[in-house]
Amino acid sequence: MVDSETIKNAGFSIDIDLVKKFEVREDDIFLITYPKSGTTWMKEIVPLVLNGGDVAAVNALPPDVRAPYLEFVLSAEDPILKELLTNFGVPGGFDIDTQQSPRVIVSHLRDDFLPTQFAEKRPKVIYVARNPKDVAVSTFHFVQKELPAINKKAYDGFSDFLPDFMNARNGIHTVVYDGSTWPSHVLTWWKRRHEPNVCFVTFEDMKKDLPGNIRIISEFLGVKLSDDVIQRIAEHCSFDKMKQNPVSLKSDYCVNVLKVDPSLESPFVRKGQVGGWKSVFSEADNETFDKMYREWMKDSDFEPQFEL
Ligand code: PPS
């Protein structure tokens, strides 16, 4: 269990006491992910499932308003977080407590940091997992983009970054909290995947069959959708469509904070591949990773897909 009041990462602190005390509703829908595992994608899909595929209504709201980050909005007094939220299009004084039900709430927090009411209220949880090698590469790209903005020394290439990623240390990224390693996050939810309030999906399965996974999510949420509507949602949430959508790309954040052209370099919708790690990992990186990975997985039957 967590005994500190704040948890730190690169750039800002999260007030974990506020998160723990957050009042959960039974009809809340939590999207929980390890960072860079498909959060942006799921934030597009779930609101569309809930509104029956009304793309215009979803596009009218920034992703971080339609599906706010719990730990960010609760700690919004932190000046760095405040600026980040402003650039995510989240108005000052955004009040998650008065949001209408069903709320869609995002979190990158590990299970033991989540609100204590989870046990009693049992909100719905959609958990998206992605193979850790692609997560490492996606995180590296994000970190490289973000470092100048948070005034932290850049890594000397991917091999220099990988040990910090595997150990989740040295504040590698604004949302990878120190100590929250990939297995500590993903394997907990894998164990809980059969609980009735949990829907565990993978990035790789979504790549293989997006309409099929939208169907799984809509059934889990108790929303009946026709094949046509599922198809429309899949079309809107395809990589190519999201890559052209300034709302999904979080263009303001890209331009104002990361100082990059969102249509070319948004780290939220970048390459969207399975197996991209193969052109980034050196042989030595792969050996180091696989050694630790075997340790991570020795008591788990989860089998991430490293390629399709
Ligand atoms: S974050 O910053 O934690 O919210 O990042 P997250 O959204 O979890 O992950 C970003 C990666 O998801 C990819 N992505 C997609 N892939 C396929 N299809 C769609 N529609 C899609 N949308 C986002 C995005 O490109 C990031 O992966 P990489 O490997 O960096 O391309």
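Tabulated data
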{"read-out": "Segment 164-175 residues that are in contact (Cβ under 8 Å) with a residue 40 or more places away in the chain, paired with ones that are assigned to a loop (DSSP other than H, G, I, E, B) and of a type outside the set (A, V, I, L, M, F, W, C) (beta carbon under 6 Å, 6 or more apart)", "value": "Gly171/Asn9; Thr174/Asn9; Thr174/Gly11; Val175/Pro35; Val175/His108"}
{"read-out": "In segment 123-174, the residues that are within 27 Å of Glu83 (Cβ to Cβ), open to solvent by less than 20 Å² (accessible area, probe 1.4 Å) and more than 16 Å from the ligand (Cβ to nearest atom)", "value": "Asp164"}
{"read-out": "Selection count, segment 238-270, where residues are crowded, with 19+ Cβ neighbours inside 10 Å and of a type in the set (Lys, Arg)", "value": "2"}
{"read-out": "Helices (runs of 4 or more DSSP H) completely within segment 45-137 that count 2 or more residues being farther than 21 Å from Glu235 by Cβ", "value": "63-66, 70-74, 79-87, 118-121"}
{"read-out": "Test: residue in segment 241-254 that is touching a Lys or Arg at 6+ places or on another chain (Cβ under 6 Å), more than 9 Å from the ligand (Cβ to nearest atom) and touching a residue at least 60 places away in the same chain (Cβ under 8 Å)", "value": "no"}
{"read-out": "Residue among Phe30, Phe72, Phe22 that alone is more than 15 Å from the ligand (Cβ to nearest atom) and either without any contact (Cβ under 8 Å) to a residue 60 or more places away in the chain or surrounded by 17 or more Cβ atoms within 10 Å (Cβ to Cβ) (or both)", "value": "Phe22"}
{"read-out": "Among residues of segment 92-112, those that are open to solvent by 60 Å² or more (accessible area, probe 1.4 Å) and either touching a strand residue (DSSP E or B) at 6+ places or on another chain (Cβ under 6 Å) or of a type in the set (Asp, Glu) (or both), counted", "value": "3"}
{"read-out": "In segment 90-109, the residues that are of a type in the set (Ser, Thr, Tyr) and closer than 17 Å to Lys21 by Cα", "value": "Thr98, Ser107"}
{"read-out": "Among residues of segment 197-233, those that are hydroxyl-bearing (Ser, Thr, Tyr), touching a Pro at 6+ places or on another chain (Cβ under 8 Å) and assigned to a loop (DSSP other than H, G, I, E, B), counted", "value": "0"}
{"read-out": "Yes/no for Thr40 being open to solvent by 40 Å² or more (accessible area, probe 1.4 Å), not acidic (Asp, Glu) and not in a loop (DSSP other than H, G, I, E, B)", "value": "no"}
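Residues are listed down the side, and each one gets a yes or a no for (1) more than 16 Å from the ligand (Cβ to nearest atom); (2) in contact with a Leu (Cβ under 9 Å, 6 or more places away or on another chain); (3) touching a residue at least 60 places away in the same chain (Cβ under 8 Å):
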| site | (1), (2), (3) |
| --- | --- |
| Ile217 | no, no, yes |
| Lys259 | yes, no, yes |
| Val280 | no, no, yes |
| Phe302 | yes, yes, yes |
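The values are calculated or read from the model by the stated rules, or taken from the named source; none is laboratory data. Owing to the predicted nature of the structure, the values given are computational and were not obtained by experimental measurement. Counting neighbours? That spans all protein chains shown, and the Cβs are built from the backbone with ideal geometry, glycine included. Note: areas computed on protein heavy atoms with side chains; ligands, DNA, RNA excluded. Shrake-Rupley method; radii C 1.70, N 1.55, O 1.52, S 1.80 Å.
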